[in-house]
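All remarks here apply to the structure that follows.
Here, each number is a calculation from the coordinates, and none is a lab measurement. Quick caveat, the model's predicted, so the values are computed rather than measured. Cβ placement follows ideal geometry from the backbone for every residue including glycine, while neighbour counts extend to all protein chains displayed.
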Amino acid sequence: MLARIKEFLGMEAKPKEEASQQEVEKVAEEEKAKPRIGYIHLSGCTGDAMSLTENYDILAPLLTEMVDIVYGQTLADVWYDVENNPYAIDDMPEMDLVLIEGSVCLQDEHSMHELLKAREKAGLVVAFGSCAATGCFTRYSRGGQQANPRHESFVPIADIIKVDLAMPGCPPSPEIIAKTVVAVINGDMDYLQPMMDLVGYTEACGCDLQLKVVNQALCIGCGTCAMSCQTRAVTMTNGRPEVNSDRCIKCGICYIQCPRSWWPADRIKQDLGL
């Protein structure tokens, strides 16, 4: 197992005969303290979970050997009888990290309770995908659906609880999911800093490119926004992005991927004494 993990992390595994007793004991201790991870699905299309399980070549060592999945409806063999006891989730275990997919419906008592309990039980809460991070297409929800017509108000989870990391995308790529989990395992906060900065970014629209990049003379015409758009709502015209509002689902990925959206204007003014 250790060899497979080191291979995934780009490390060269030592032959067994070269490992010292101290190294063996260290590895054994690390294995006992594998991060405890939970997965919660709220209001979304389950595309984020599908992206997670599409980590074909690294899914097995990542989810079975590097971490312990201790809570979730799809990734853990744990059954909570919420139909007969809506508050069975009060038995939710302690977790180092919880991935929360989907926005939360304010009229859904169970989802609200599960979200609040996850914040109480988890060390790190990750808004997993754009629905959880920004609301994404659930911003268009009006209620009135046949199954639950009272379910009509959906907000990003940061509107309700404190979120530590935001992983955007509709859905996030399998690679960024794997790298994020590994970064959490290794405590690599520098790698996670951009996701920490995104936590307060709960309002998203393709118009952000025009207002915050083009209008500020920051656009360099690289086309990253158009290439990152997962609904092809962004096109490049005369070296500048144009957004088709009929295609935009408000996931925010175009603005987040723009290399100039992170332009530290305040820091530059401070350094220049302006």
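In table form, for the structure just shown:
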item	result
Sequence of VAL104, VAL181 once ranked by neighbouring C-beta atoms within 10 Å, starting from the fewest	VAL181, VAL104
Stokes-Einstein diffusion coefficient of region 98-227, Kirkwood radius over Cα pairs, 37 °C, 0.692 mPa s, in µm²/s	205
Residues LYS117, LYS269 arranged by fewest to most Cβ contacts within 10 Å	LYS269, LYS117
Ranked by how many other beta carbons lie within 10 Å on average, peptides 251-259, 237-245 from highest	251-259, 237-245
Across LYS121/LYS250; LYS162/LYS250; LYS117/LYS162; LYS117/LYS250; LYS179/LYS269; LYS212/LYS250, pairs whose alpha-carbon gap is larger than 23 Å	LYS121/LYS250; LYS117/LYS250; LYS179/LYS269
Fraction in percent of alpha-carbon pairs per bin - 5 Å, region 151-274	2, 10, 17, 19, 20, 16, 11, 5, 1, 0, 0
nm² value of the averaged projected area, convex hull over the Cα atoms of region 146-209	6.6
Region 207-272: Cα Rg divided by the 2.2 N^0.38 Å rule of thumb	1.14
Burial order of peptide ranges 182-191, 41-50 (average beta-carbon count within 10 Å, highest first)	41-50, 182-191
